[in-house]
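The values are calculated or read from the model by the stated rules, or taken from the named source; none is laboratory data. All figures in this text were calculated on a predicted structure; none of them were measured in a lab. Virtual Cβ from ideal backbone geometry, glycine too; neighbours counted across all protein chains shown. In case anyone asks, the SASA skips ligands and DNA or RNA and just uses the protein heavy atoms, side chains included. Shrake-Rupley method; radii C 1.70, N 1.55, O 1.52, S 1.80 Å.
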Amino acid sequence: MTSGRPVERVEAGAYTVPTDAPEADGTLAWDATTIVVVEAHCGQESGLGWTYAPAGAATVVTDLLAGLVTGRDPLDTAAANEAMSRAVRNAGRQGLVACAMSAVDLALWDLKARLLGLPLLRLAGAVTDTVPVYGSGGFTTYHDTHLAAQLNGWVNGHGIERVKIKIGEDWGRAVPRDLDRVRHARQTIGPDAALYVDANGAYTRKQAVRVGRALAEWGVGWFEEPVSSDDLEGLRLVRDVSPCDIAAGEYGYDLSYFARMTPVVDCLQADVTRCGGPTAWLRAAAVAQAHGLELSAHCAPHAHAHFAACVPNLRHIEWFHDHTRIEGMFFTGVLDPSGGEVRPGADGEPGHGLRLRREEITRYRVL
């Protein structure tokens with residue numbers, strides 16, 4: 001089966017959106033987030049993809065990738081992904097280039113589904129109609145009142161009974177404040193909601209072990225990147241002694257990364273806007289399943305939702321404050337997380353069901 005028409009053009013633009021408050025985690029601070037948006041066109045239809053990356057990712061799309069995709073059958077998403085993977089050898093697959101590839105791959109999947117008149121989860125093959133989410137934010141820059149308001153909004157406002165905050169402030173130099181914020185978070189959400197933390201690799205190995213033991217006293221069940229995700233032995237050490245589930249994988253830009261990560265974590269993370277798009281993300285899910293692990297989708301919730309419904313070993317997707325805010329600003333058709341889950345494709349719209357708010361976002365365009 002062919003579509004009858006090739007991909008006619010691929011366009012990319014970059015938009016920088018200021019945060020609604022200063023934000024930081026254990027190892028980085030920021031006051032704006034850049035989203036790179038890609039559109040792939042075929043006849044009267046277009047597919048929409050995006051990634052969160054520096055604006056240069058848009059240049060990678062237009063200068064390096066668009067020509068590889070244009071002229072191809074839009075139904076052959078795997079072939080396009082393979083062509084991009086081979087072509088970027090000398091440019092370097094990791095990082096910015098992989099993010100650009102991911103946005104193109106997502107746009108092609110969306111275009112394919114729209115041409116076939118199917119929601120993405122039906123095209124890829126759903127195993128469930130509902131996808132659990134967890135609220136994510138709790139930045140180290142938040143004062144206690146701000147943190148409590150955000151947590152209450154998720155737990156009591158939306159009924160999301162899984163929430164995550166950032167710890168590891170100042171590269172692990174503020175452990176007493178980290179633990180005080182965890183205590184405050186637990187007191188805010190009550191004893192029944194699940195509490196997660198993310199150190200973004202801020203701690204040393206033994207420091208992470210000590211922090212992990214203290215976290216268990218407050219019922220923390222998920223300890224993300226307790227040490228650098230490049231320190232596989234450190235992850236293994238912390239995992240083996242910590243009562244919390246250890247998670248990592250968000251910086252995976254190719255499949256071999258996930259193969260290396262699976263022996264040292266309790267739950268594997270993968271980001272569809274970084275790892276090479278849905279084509280690669282679904283393969284990462286299979287790698288996790290082969291090792292007896294669940295997969296959790298990192299950030300960009302609307303990019304993940306449909307594909308997450310197709311993964312039997314899915315744990316949840318991350319309802320990340322920055323990205324849900326931007327996706328609500330940039331797209332129509334966004335999902336409702338009330339009750340702690342989303343229902344992608346419930347409206348029957350083809351593709352991921354999102355459309356770009358072109359006029360509203362013009363003021364944020366930087367490239």
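Using C-alpha pairs below 8 Å separated by at least 6 residues, the relative contact order for the chain is 20 percent.
Report ³J(HN,Hα) in whole Hz for each residue of the stretch 109-126, in order, from the Karplus equation J = 6.51 cos²θ - 1.76 cosθ + 1.60 where θ = phi - 60°; Gly and Pro get x. So the Karplus estimates, Gly and Pro as x, are 4, 5, 4, 4, 5, 5, 5, 8, x, 10, x, 4, 5, 6, 5, 7, x, 6 Hz.
About the centre of its Cα atoms, the stretch 293-367 shows a dipole size close to 280 debye [charges on the beta carbon of Lys, Arg (+1) and Asp, Glu (-1) only; nearest 20 debye].
Here Lys206 is the anchor, and the lysines within straight C-alpha reach of less than 22 Å, apart from those fewer than 8 places off in the same chain, are Lys166. Rounded to the nearest percent, how much of the accessible area of the chain (1.4 Å probe, protein heavy atoms only) is carbon and sulfur? The value for the chain is 49 percent carbon and sulfur by accessible area. Measuring between their Cα centroids, the stretch 264-308 and the stretch 12-70 lie 20 Å from each other. Evaluated with a Cβ-only charge set (Lys, Arg +1; Asp, Glu -1), the chain carries a dipole of roughly 420 debye about its Cα centre, given to the nearest 20.
Computed from backbone phi with θ = phi - 60° and the Karplus coefficients 6.51, -1.76 and 1.60, the 3J(HN,Hα) list for the stretch 66-77 is 4, x, 6, 8, 4, x, 7, 5, x, 7, 8, 5 Hz; x is used for glycine and proline. Contact order, relative form, for the stretch 197-272: 29 percent (alpha carbon pairs under 8 Å, 6 or more residues apart, mean separation divided by residue count).
In terms of packing, defined here as the mean over residues of other Cβ atoms within 10 angstrom, the peptides 42-52, 82-92, 193-203, 12-22 line up highest first as 193-203, 42-52, 12-22, 82-92. Expressed as a whole number of Å, what is the distance separating the alpha-carbon centroids of the stretch 319-367 and the stretch 200-243? Spelled out, the Cα-based centre of one part sits 33 Å from the other. Between the helical axis of 232-241 and the longest alpha-carbon principal axis of the chain there is an angle of about 50 degrees. A 1.4 Å probe run over the protein chains yields, for the chain, 38 Å² of accessible area per residue, whole-number rounding. Close amide H pairs (under 5 Å, H built 1.01 Å from N) link Asp271 with Gly252, His298, residues at least 5 positions away or on another chain. For the stretch 299-310, putting each phi into the Karplus relation 6.51 cos²θ - 1.76 cosθ + 1.60 with θ = phi - 60° gives couplings of 6, 6, x, 6, 6, 9, 3, 5, 6, 4, 5, 9 Hz, in residue order, rounded to whole numbers and with x for Gly and Pro. Spin-label model, Asp192/Ala78: points 7 Å from Cα along the beta carbon direction are separated by 4.5 nm. Between Arg260 and Trp30, the contour length at 0.36 nm per residue exceeds the Cα-Cα span by 79.8 nm. With both residues required to sit in the chain, DSSP beta bridges show an antiparallel share near 45%. The gain in end-to-end length when the Ala214 to Ala149 segment is fully stretched comes to 21.0 nm, 0.36 nm per residue minus the alpha carbon separation.
Taking amide H positions as modeled 1.01 Å from N, with prolines and chain starts lacking one, the residues under 5 Å from Val342 and 5 or more places away or on another chain are Val131, Val133.
Ordering Thr130, Val197, Leu147 by Cα displacement along the dipole of the stretch 72-198 toward the positive end leaves Val197 in first place; charges were set at the Cβ atoms of Lys, Arg (+1) and Asp, Glu (-1). Database remark: amide H of Ala174 closer than 5 angstrom to the amide H of Glu169 (H placed geometrically; neighbours at sequence offset of 5 or more, or on other chains; Pro and chain starts carry no H). Multiplying the residue separation of Arg358 and Thr70 by 0.36 nm and removing their Cα-Cα distance gives an extension gain of 101.4 nm.
In the chain, the DSSP-assigned H stretches of four residues or longer account for a calculated mean residue ellipticity at 222 nm of -11000 deg cm²/dmol, using -39500 (n - 2.57) per stretch and the full residue count as denominator.
Can you work out the FRET efficiency for the pair Trp171 and Gln44, with r the C-beta to C-beta distance and R0 = 45 Å, to the nearest 0.05? Rounded to the nearest 0.05, the efficiency is 0.30.
Axis of helix 321-330 versus longest Cα principal axis of the chain: the two differ by about 30°, to the nearest ten degrees.
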